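Colleague: First, the structure itself, so that you have it in front of you.
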Number of protein chains: 2
Amino acid sequence: MALIVQKYGGSSVADVECMKRVAGRIKTTADAGNSVVVVVSAMGKTTDRLVQLAREVHADPSDREYDMLLSTGEQISISILAMALHDLGLKAVSMTGPQAGFITDDAHTKAKIMDMKPVRVQRMLDEGNIVIIAGFQGLSPSGDISTLGRGGSDLSAVAMAATLKADKCQIFTDVEGVYTTDPRVVPEAAKLDEVAYDEMLELASLGAKVLQARSVEFAKKYGVVIEVLSSFTDAPGTLVKEEVKNMEQLLVRGVAADKSQAKITVRDLPDQPGVAAELFAALAEANVNVDMIIQNMSAEGKTDLSFTVPSDDADKSKAAVNKVLGHIGGSEVIVDSEKAKISVVGVGMRSNSGVAHKMFQALADSGVNLHMISTSEIKISALIDMSKADLAVQCLHAAFELEKA
Amino acid sequence: MALIVQKYGGSSVADVECMKRVAGRIKTTADAGNSVVVVVSAMGKTTDRLVQLAREVHADPSDREYDMLLSTGEQISISILAMALHDLGLKAVSMTGPQAGFITDDAHTKAKIMDMKPVRVQRMLDEGNIVIIAGFQGLSPSGDISTLGRGGSDLSAVAMAATLKADKCQIFTDVEGVYTTDPRVVPEAAKLDEVAYDEMLELASLGAKVLQARSVEFAKKYGVVIEVLSSFTDAPGTLVKEEVKNMEQLLVRGVAADKSQAKITVRDLPDQPGVAAELFAALAEANVNVDMIIQNMSAEGKTDLSFTVPSDDADKSKAAVNKVLGHIGGSEVIVDSEKAKISVVGVGMRSNSGVAHKMFQALADSGVNLHMISTSEIKISALIDMSKADLAVQCLHAAFELEKA
């Protein structure tokens, strides 16, 4: 008998009909002799409605009260799902995040899990229950309800699977798994049977929205095997794990595009120690997440420095740089918001050369110009014009023959 | 500086506009130098919507899951109200029933308060907060969320006021207080300035829906002075307390009508010991609440026995009596569902005679026939035809000159 943790997102439990379908799926899993723990998100648009309600009374609601409010969304889901399971004749019991033993810090709306004490969950499992847990929430040190922030329900599921030493953690969503790239851009995109944690981490941070990087990091740390699959079909999903098939043979696992990049260039900086440090200190203070950075040598001891930030942060970044520009001695700040970052990801790169060459050749053949390049052990990224983003993804997908994945 | 507990019902917090009005009222109370604890119900139709949702997944939902679901209604209210108070620049903090220290038994959906441990409430008050508490809910011995059942939020407010030794417990509702009778039936009905606990208890159990008897009993037991008033006007309300003005001079405080009564008559019972006991045992087993009872002597050692029950229980009652009819030896069971119970209530009756005479005379003068009569120390009730109910209330209200109250 296996212990399986399943997580159903908002679109999987959008309405009563969806709830009943999910209940049927849980019954199938339980009838096969498995112990089942289920983590659920709020039903469909519930969270949006609660957010709207809050905005109507306060422009900037208190984080603590916001969590008190939003956590009701999952609480509705768990009780309705428990009732739906009862209706199928199954033993089931619902639990809020605090009841299930998620102990967090007190950073309301973006709390971190500090400890797991699923004493009641374990007891209820031992008594033969399917345990339905409210995702996304926990108990703060002061006894308040906290929420884990974006993608929090995935994290709840992975953390519970790790603590209970579950055999599998299934994340049900509205797509069939992790794809070689966005199927809306490349119709031939193939669903991956398996993907390594590190690859998934890169893909998640590069804009593949299936799993939040935070959950993947947690899964990697505790060795939780995740399966991403659709709650609307019976197709097998994608396994996210440490060791995957063809790990070294397959050079590239996927192609990702992040279309919300801005490139910021600071002109004519003095080529002296400490200049870059002061510049990026100013950006850090403004809470800007800088991604790629390059520095060009230019004449007369002057240099140009370029970096990328999320488009939304472009104005804030420009303002932050302008504040120190006089002091560090640059001439001007140029912002180009119409950029995209295209990346190929694969753990096979670690032991294979030639990926960069193949990537740049493919992009060149398609007339895509590269503005910046950055690499990691298992990823190569290039900054290109936004208008060429889809074309770039398509030519890279074809060049690495990912439709055969 | 006084400590005031305020309770706002569902109609007082029906939508965001109502919430803001309530926040303004709380601000006025706080600005006057009072400490304020607020108990709120779910917003408007929230509870109805949640009940509907539950019905869509299960015909008879588990009580525990039902409480898990319904308690979200108040949790939404408290966080929204806290945000509305923040928006007015006030320090406020919301608390669920469990957080506020309502310890109940495990009778889900109709839990009883077993203990009060408002440690956090007291601390938050001491720190200068307005404390907003979810009414209607508490924590069961197994650590689950329980609900107190009908009228539970009033009880939450009264219990919190008793425990904190509050100076006043204000119950805000959509009427301006307790009236001498239903103003829809008697336009001259007067709002009472004060009413004694015992009178309110009789009025509550006789169909005046302003306060549930359960809350009044609790207030009487712990000496909590309740003020019933409207959240939509600034008019003073009705004080419910032990000693009231003109306690002995005023014979009658109010007239109540309960229009959902059925009269059941069992014919030709043998006039022997044990017959009534067996009859009412059968009714008790069927969970029927019997109200008035009379027994007529008739010829040849046979007797007719009549009693009243809520109309909704008429069929169940008839079935229960029929089950034992053969054994106890009656001839037939007659049900008349079209009855109303009219009552006059007043603590002044204790020390004044003549109320019954005046009541019966007034009814006779208006052509109202009496089928049954029952009395307590502070109340006289008569069962009459439903069709005469409004006429009876009007003539009694006039006879006792209650418009002058």
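Colleague: Considering Cα pairs under 8 angstrom that are at least six residues apart, work out the relative contact order of the range B:252-405 and quote it in whole percent.
Modeller: Values: 285 pairs, mean separation 48.8, N = 154.
This gives 32 percent for the range B:252-405.
Colleague: Let me ask another. Cut-off is 10 Å between beta-carbons; in what order do A:V333, B:V355 appear when sorted fewest neighbours first? Don't skip to the answer; put the middle values down first.
Modeller: On the way: A:V333 16, B:V355 19.
Arranged by neighbour count, lowest to highest, A:V333, B:V355 become A:V333, B:V355.
Colleague: Report the FRET efficiency, 1/(1 + (r/R0)^6), for B:E332 and B:K112, where r is their Cβ-Cβ distance and R0 is 41 Å, rounded to 0.05.
Modeller: Numbers: r = 41 Å, r/R0 = 0.99.
About 0.50, to the nearest 0.05.
Colleague: So for chain A, averaging the separation of alpha carbon pairs under 8 Å that are six or more residues apart and normalising by length, what relative contact order in percent results? Could you put the intermediate results ahead of the total?
Modeller: Details: 894 pairs, mean separation 55.4, N = 405.
Answer for chain A is 14 percent.
Colleague: Return the sequence-ordered ³J(HN,Hα) values of the range B:369-377 in whole Hz as given by the Karplus equation 6.51 cos²θ - 1.76 cosθ + 1.60 applied to θ = phi - 60°, using x for Gly and Pro.
Modeller: Rounded to whole hertz, the list is 8, 9, 9, 8, 9, 9, 9, 10, 4.
Colleague: If amide hydrogens are placed 1.01 Å from N in the peptide plane, which non-local residues have theirs closer than 5 Å to the one on A:M95?
Modeller: A:I132, A:I133, A:A134
Colleague: State the answer as a single residue: which of B:N289, B:A256, B:P273 lies farthest towards the positive end of the charge dipole of the range B:244-289, with beta carbon charges of +1 for Lys and Arg and -1 for Asp and Glu, about the Cα centre.
Modeller: Result: B:A256, furthest along the dipole toward the positive end.
Colleague: Let me ask something else about it. Given Cβ point charges of +1 (Lys, Arg) and -1 (Asp, Glu) and nothing else, what value in debye, to the nearest 20, does the dipole of the range B:3-174 about its Cα centre take? Walk me through the intermediate numbers first.
Modeller: Details: 18 positive and 20 negative charges, 92 e Å.
Roughly 440 debye, rounded to the nearest 20.
Colleague: Helix A:63-87 versus the longest principal axis of chain A: what is the Cα-based angle in degrees, 0 to 90, to the nearest 10?
Modeller: 40 degrees
Colleague: Based on the Cβ-Cβ distance from B:R21 to B:K316, what FRET efficiency comes out when R0 is 35 Å, to the nearest 0.05?
Modeller: Details: r = 43 Å, r/R0 = 1.24.
Approximately 0.20, to the nearest 0.05.
Colleague: So what's the net charge close to B:V225: Lys and Arg +1, Asp and Glu -1, counting the other residues with Cβ under 9 Å from its Cβ?
Modeller: On the way: positive: B:K168, B:K241; negative: B:D167, B:E227, B:E242.
Net of charged neighbours comes to -1.
Colleague: Below 8 Å between Cα atoms, with a sequence gap of 6+, how large is the relative contact order for the range A:1-152 in percent? Walk me through the numbers before you get to the answer.
Modeller: On the way: 301 pairs, mean separation 38.0, N = 152.
Normalised by residue count, the contact order of the range A:1-152 is 25 percent.
Colleague: Of all DSSP beta bridges in the protein assembly as shown, what percent run antiparallel (nearest 5)?
Modeller: Numbers: 92 of 148 bridges.
Given both bridge residues lie in the protein assembly as shown, the antiparallel proportion sits at roughly 60 percent.
Colleague: If you place +1 on the Cβ of every Lys and Arg and -1 on the Cβ of every Asp and Glu, how big does the dipole about the Cα centre of the range A:208-275 come out, in debye to the nearest 20?
Modeller: On the way: 10 positive and 9 negative charges, 35 e Å.
So the dipole magnitude of the range A:208-275 works out to roughly 160 debye.
Colleague: Inverting the mean 1/r over all pairs of different Cα atoms, compute the Kirkwood radius of the range B:104-176 and quote it in Å.
Modeller: Values: mean 1/r = 0.0760 Å⁻¹.
Kirkwood radius, the range B:104-176: 13.2 Å.
Colleague: As a check on your grasp of the helix formula, calculate [θ] at 222 nm for chain A: sum -39500 (n - 2.57) over DSSP H runs of n ≥ 4, divide by the residue count, round to the nearest 500.
Modeller: Details: 12 runs with 144 residues, N = 405.
Using -39500 (n - 2.57) per qualifying helix, the result is -11000 deg cm²/dmol.
Colleague: Right, here's the next one. Rank by packing, highest mean first: peptides A:15-24, A:250-259, A:393-402, with packing defined as the count of other Cβ atoms within 10 Å averaged across residues.
Modeller: Numbers: A:15-24: 17.6, A:250-259: 23.8, A:393-402: 21.2.
With the highest mean Cβ count within 10 Å placed first, the list reads A:250-259, A:393-402, A:15-24.
Colleague: I'd like the FRET efficiency for A:N289 and B:A14, computed as 1/(1 + (r/R0)^6) with the beta carbon distance as r and R0 of 25 Å, rounded to 0.05.
Modeller: Taking R0 as 25 Å, the efficiency between A:N289 and B:A14 is 0.05.
Colleague: When B:T238, A:T181 are ordered from fewest to most other Cβ atoms inside 10 Å of their Cβ, what list results? Show your work: numbers first, answer last.
Modeller: Working: B:T238 23, A:T181 26.
Least crowded to most crowded, the residues run B:T238, A:T181.
Colleague: Going by a ≥ b ≥ c, the root eigenvalues of the Cα gyration tensor, does the range B:3-174 fall in the rounded group (a/c under 1.5), the prolate group (a/b larger than b/c) or the oblate group? Walk me through the numbers before you get to the answer.
Modeller: Details: a/c = 2.12, a/b = 1.38, b/c = 1.54.
Verdict is oblate for the range B:3-174.
Colleague: Give the long-range amide H neighbours of A:I373: residues separated by 5 or more places, or on another chain, with amide H under 5 Å away, using H modelled in the peptide plane at 1.01 Å from N.
Modeller: Residues meeting the amide H criterion: A:L383.
Colleague: Nearest 5 percent is fine: what portion of the DSSP beta bridges confined to chain A is antiparallel?
Modeller: Values: 46 of 74 bridges.
Expressed as a percentage, antiparallel bridges in chain A total about 60.
Colleague: Then there is this: Work out how much length A:D167 to A:L370 would gain on full extension: take 0.36 nm times their residue separation and subtract the Cα-Cα distance, in nm to one decimal. It would help to have the intermediate numbers written out before the result.
Modeller: Working: separation 203, 0.36 × 203 = 73.08 nm, distance 4.43 nm.
Full extension from A:D167 to A:L370 adds 68.7 nm.
Colleague: Only loop residues by DSSP count here, and only those with at most 11 other Cβ atoms within 10 Å; note down the trypsin sites (Lys or Arg not before Pro) in the range B:24-86 that meet that. Mind showing how you got there, number by number?
Modeller: Values: sites: B:R25, B:K27, B:K45, B:R49, B:R55, B:R64; in loops: B:K45.
In loop regions of the range B:24-86 (DSSP not H, G, I, E or B), there are no sparsely surrounded trypsin sites (Lys or Arg not before Pro).
Colleague: In whole Hz, what ³J(HN,Hα) sequence does the range B:391-405 give by Karplus (6.51, -1.76, 1.60; θ = phi - 60°), x for Gly and Pro?
Modeller: Result, rounded to whole Hz: 4, 5, 4, 5, 6, 6, 4, 6, 4, 8, 6, 6, 4, 8, 4.
Colleague: At 7 Å along Cα-to-Cβ for each site, give me the label-to-label distance between B:M386 and A:E403 in nm.
Modeller: Result: 7.5 nm between the two label points.
Colleague: Here is a follow-up. Calculate one ³J(HN,Hα) per residue across the range B:152-158 by plugging θ = phi - 60° into the Karplus curve 6.51 cos²θ - 1.76 cosθ + 1.60, and present them in order as whole Hz with x for glycine and proline.
Modeller: x, 5, 4, 4, 4, 5, 5
Colleague: Calculate log10 I(q)/I(0) of the protein assembly as shown for q = 0.05, 0.06, 0.09 Å⁻¹, where I(q) comes from the Debye formula with a single equal point scatterer on each Cα and nothing for solvent.
Modeller: -0.41, -0.55, -0.97
Colleague: Taking amide H positions as placed in the peptide plane 1.01 Å from N, state which residues far from B:K112 in sequence (5 or more) or on other chains have amide H under 5 Å from it.
Modeller: Residues meeting the amide H criterion: B:D105, B:A107.
Colleague: Just how many % of Cα pairs in the range A:255-404 lie over 27 Å apart, if you round to the nearest whole percent?
Modeller: On the way: 3346 of 11175 pairs.
When every Cα pair of the range A:255-404 is considered, 30 percent fall beyond 27 Å.
Colleague: In Å, the Kirkwood hydrodynamic radius of the range A:324-393 over pairs of distinct alpha carbons? Can you show the working numbers first?
Modeller: Details: mean 1/r = 0.0725 Å⁻¹.
Computed over Cα pairs of the range A:324-393, the Kirkwood hydrodynamic radius comes out at 13.8 Å.
Colleague: What order do you get for B:K388, A:K91 when you list them from fewest to most C-beta neighbours inside 10 Å? Walk me through the numbers on the way to the answer.
Modeller: On the way: B:K388 17, A:K91 14.
Sorted ascending by nearby Cβ count, the order is A:K91, B:K388.
Colleague: Have a look at the DSSP beta bridges in the range B:3-174 and tell me what percent are antiparallel, nearest 5.
Modeller: Values: 6 of 26 bridges.
In the range B:3-174, approximately 25 percent of DSSP beta bridges are antiparallel ones.
The numbers here are math on the coordinates, done by the rules we state, and not lab data. Since the structure is predicted, the reported quantities are computational estimates derived from the model, not experimental observations. Here the Cβ is made from the backbone with ideal geometry for all residues, glycine too, and neighbour counts use every protein chain on show.
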